[in-house]
Amino acid sequence: VTRDSPLTQGVARLVLAPTLLVAAAVLVKGYVDTGDGFAAGVIAALGISLQYVAFGVEETERRLPVRHVPLLAVAGLLLALAVAFVPVAFGEPPLRHWPPADAEVIHLGTLEILSAVAFDLGVFLLVLGSVVAAIRFVGALEGPRP
Amino acid sequence: VTDPYRTSRAPAVASIALAVAGFASLLAIHLRGGGTVDWPWAPALGLRLHFELDGLGALYGLLATGIGALVFAYAAVYLPEHLRAHDRRRGAVPFFGALTLFMVSMVGLATAQDLVLLFVFWDLTAVASYLLIGFDRDEAESRRAALMALLVTGVSAVLLLIAILLLAAEYGTFSLPEIVERARPGATVTLAAALVAVAGLAKSAQVPLHFWLPRAMAAPTPVSAYLHSAAMVAAGVFLLSRFYPLIRLSGEVLDGLLVIGLASIAVGGILALTRDVLKQVLAYSTISQYGYVVTMLGLGGRKAALAASFYVIAHAMAKSALFLTAGAVTQATGAKALAQTGGMLRASPLLAAASGVAAAGLAALPLTIGFFKDELFFAAALERGTVWAVAAVIAAALTFAYIARFWAGIFLGPPNPAHADASPGPGLTVPVVVLAAGVLLGGVVVSPFLHLGEAAGAASYGAPTPGKAAYHLDLRAENLMALAAYAGGALLLATSALWRPAALAVARAGDVAGPARLYTSGLAALNDVSDAVHDFEVRDLRARIRPILVMAGVLVALGIAATPTGTYVVGSITSNDLPLALALLVASGAAVACVFPRRHLMLVLTVSAFGFSMAVAYAFFAAPDVALVAVLVETVFALLFLGIFSLMPGGVLRREAAAGPIGNRRRVNAAIAALSGVFASAVVWAALSRPASQQGAAADQVRLTPDAHAKDVVTAILADFRGLDTLVEVTVVFVAVLGMATLLRRGRIT
């Protein structure tokens, strides 16, 4: 089975959406169940990496809007830093999460509205962006001609 | 046709506006009696964002922003020509960005009262100066000069950090005012003061760490002007003033400052008389001028503290004007050395007059602010004793001589026929005129400058330092000393044929056996060591891993042998543990299988197989989070390995696989692996087969998880309890991505 065999490409095409869905689920359920932003980020990144493996860099980026996914790493870092240092502006130590321990939490299904979840989202974006960047960097290098 | 070298004016305008706004607000706050900002940011460590605009902060902050505004305005005209001359099409944004960073970190340094904060700004000035000195990155000389400045000031900054930690350990706070309040003379204070002094002296380019400053001339001229008058070099003297209440407690450190200051005056003055390159004359002059300030701080006493602060103001205005003159002359005529210039008085009378005023200010002629800087200096030296007064007069004579030689060499004498009519434009002249006007203003209406000096002197001395600066038409000692200095300077110039060979010999001796030589050879030796280590590590990875494994195995064996019998216990295996045991058995099999494959692809696959079987073991060991992460990370690694293998020529991989390890020592390797493996297993088995009751931090975290609104302990730990760790880790990940982008794609992330 070579890289551009119809089988590989078909599987890659089929699993992309489920992978991203699983990643989203792991992220949303992070505070309730196994998994967190890191795991979700790697899952999503693996889904995208599979496209690179099956279709190559050029073909993948023609088909899917993934060219700028590495920029998500910047957004993730900024989000994590923001969550960490916004409390400082209010005289709290960094990373003091909101709402406080004894307060009620707003639930959207299993998703809890917490600043810790925003922090986790930052980690997710950063990991997703970084892993895709790494795979893309290596994939875009000029290899030896066979 | 558009000019390909046309640069945007926006960065220059923005930085000038910031400097002007900073100057205005600092002045307003200072006139209102100062201001304080104090936020806690890591209360557990006692760290605060504590800024206070006291007299000292006001002086250096106003210099950094005021001279900054003029230098930036000059640079707005200078930089486009500079970029054109270096065939660069962009560079305005990094240039003005680094200048602005320089200015902001100077203001932060000047106002910081928390020592950690102070250290951060101190290092930021070093970073900014590195970027600016090495701005012409195509030139090896610039890069070398930038590295030298960074190493000399950066390594000495570590001494400052050590001093800060010493003080914090002794007095239990990072707040400088509190430390000053509690400090008493003693070994700790003396040691800390000495370390601070070394850091400050290195930054102020004092002998013997002065050699980086003349090299830093490789920077574009506006940078040099800023570096010498209001930023980098001034920061060193600022540090000494800021820590002066502590330095003052130690007689030894004060004496050391005195010696180093006088040596710097002598070395800088003599070398300034021998140099021909315009900017080098000024660079050695700076070494000598800050030598004055260091000497005054070393003299001790209220008069000296005031004189030192006032000196910094006067020097900053005069020296920046002279640097800007040198840059204007070079850009107009292309001449870089005194030998190529001359007679520019006719073509550029305004520039000649303005820089003449600045030179007069440095030479301490009446009607300039410089007269009072020397008046205060002489008074402080007289207070200490006759010997110091004589030394002060000699120093002033040296200054008079080299600065007269500099100005006359550019503007008097026969014009160079190659560029007789060349004259710098108004953009390069006006900032010099403004600075010269300041020098003159200070010579006529001295009181505002004196007040600023008094405020700074009081802040650094820790007590009011009143002083008087005025013209007196009588034969008081200060006036006689000034006259003696002028006469001595004139005499030096008139007799230059007599001493010039000797001075040149001193300069040559410094080149051959000076500290610069030591720096170069030290750097080369360090490079050799690094090469040797790199060679050893890269040539044979097994050689690097071997000592670690041997040591780990032997130490564990010793540990087990040394503990009393009965301490090492292994828990029993029950039927509940069967799945885990089976998973571990599979993992062991996979680990052993890793030894056999020779082809790289097979090796990667077996290593992944081991990783996946470990993930199964984690899952049975009640660690589903770890198992999940292990599976994911193994997959990513396998992918990356495959990607990298596909980049390698197939022949190389096949040859390497056939060759086997370098210096094939199969038996030794096997013995080492067995030794470390057996003892590692023994420890892990003992630790994991008896799960201790959950205690300490782990139990607390489990208990607190509901309070964090979480049901999953691991996520709560990552995002909440140990959130700062996570933050640092993701930052490291991001930096690693930037590193990959830099290595593989010239810094482009997408």
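The angle between the Cα long axis of helix B:187-203 and the main principal axis of chain B comes to about 70°, on a 0 to 90 degree scale.
Comparing chain B with the 2.2 N^0.38 Å rule of thumb, its C-alpha radius of gyration ratio is 1.20 (two decimals).
Say R0 is 56 Å: what FRET efficiency, to the nearest 0.05, do B:VAL592 and B:ASP528 get from their beta-carbon distance? Walk me through the numbers on the way to the answer.
Values: r = 42 Å, r/R0 = 0.75.
Efficiency computed from Cβ-Cβ geometry: 0.85.
Over region B:24-132, the alpha carbon radius of gyration divided by the compact-protein estimate 2.2 N^0.38 Å works out to 1.26.
Each residue in B:TRP685, B:TRP212 was given a count of other beta-carbon atoms within 10 angstrom of its own, and listing them fewest first yields B:TRP685, B:TRP212.
Note on region B:676-750: Cα-only Rg and Dmax are 19.3, 52 Å. What's the center-to-center distance, using Cα atoms, between region A:57-88 and region B:404-479 in Å? Taking the Cα centre of each part, region A:57-88 and region B:404-479 sit 54 Å apart.
The angle between the Cα long axis of helix B:578-593 and the longest principal axis of the Cα atoms of chain B comes to about 70 degrees, rounded to the nearest 10. Put simply, the C-alpha atoms of region A:49-88 give a gyration tensor, and the ellipsoid matching it has half-axes of 33, 8, 5 Å, longest first.
Averaged across the residues of B:720-732, what count of C-beta atoms belonging to other chains lies within 10 Å of each residue's C-beta? Walk me through the intermediate numbers first.
Working: counts 9, 1, 1, 12, 4, 0, 10, 11, 0, 3, 15, 4, 0.
That average works out to 5.
For the pair region B:1-71 and region B:253-323, the centres of their Cα atoms are 25 angstrom apart.
Averaging 1/r over every pair of different alpha carbons in the protein assembly as shown and inverting the result gives a Kirkwood radius of 32.0 Å.
Among the lysines, which fall within straight-line cross-link reach of B:LYS279, defined as a Cα-Cα distance under 19 Å, with same-chain neighbours fewer than 8 residues apart omitted? Hits, sequence-local ones excluded: B:LYS203, B:LYS319, B:LYS336. Region A:98-123 and region B:601-659 have Cα centres lying 35 Å from one another. May I ask for the Kirkwood hydrodynamic radius of region B:500-609, worked out over all distinct Cα pairs and given in angstroms to one decimal? Roughly 20.9 Å, rounded to one decimal.
The angle between the Cα long axis of helix B:666-688 and the longest principal axis of the Cα atoms of chain B comes to about 80 degrees, rounded to the nearest 10. With bins 10 Å wide beginning at 0, the percent of Cα pairs of region B:1-76 falling in each bin runs 18, 32, 26, 16, 7, 2, 0. The residues B:SER423, B:SER348, B:SER588, when put in order of fewest to most other Cβ atoms within 10 Å, stand as B:SER588, B:SER423, B:SER348.
List B:VAL223, B:VAL107 from most exposed to least, where exposure is judged by having the fewest other Cβ atoms within 10 Å.
So the ranking, lowest neighbour count to highest, is B:VAL107, B:VAL223.
Per the Debye formula on identical point scatterers at the alpha carbon atoms of chain A, with no solvent, log10 I(q)/I(0) at q = 0.19 Å⁻¹ is -1.10. Distance distribution P(r), region B:252-348, all Cα-Cα pairs, bin width 5 angstrom from 0: 3, 14, 18, 19, 16, 11, 8, 6, 4, 1, 0 percent. Overall, the anisotropy analysis places region B:185-260 in the prolate class: the square-rooted eigenvalues a ≥ b ≥ c of its C-alpha gyration tensor yield a/c not less than 1.5, with a/b exceeding b/c.
Within chain A, the longest run free of trypsin sites (Lys or Arg not before Pro) that sit in a DSSP loop with at most 15 other Cβ atoms within 10 Å is A:68-146. Compared with the alpha-carbon gap, the fully stretched path from B:ILE573 to B:THR495 is longer by 18.3 nm at 0.36 nm per residue. Computed from the Kirkwood radius of its Cα pairs, the Stokes-Einstein diffusion coefficient for region B:115-237 at 4 °C and 1.567 mPa s stands at 86 µm²/s.
Every number in this text was worked out from the coordinates using simple rules, so none of it is lab data. These numbers come from a predicted model, not from an experiment. For neighbour counting, all protein chains shown are included, and Cβ atoms are generated from backbone atoms with ideal geometry for every residue, glycine included.
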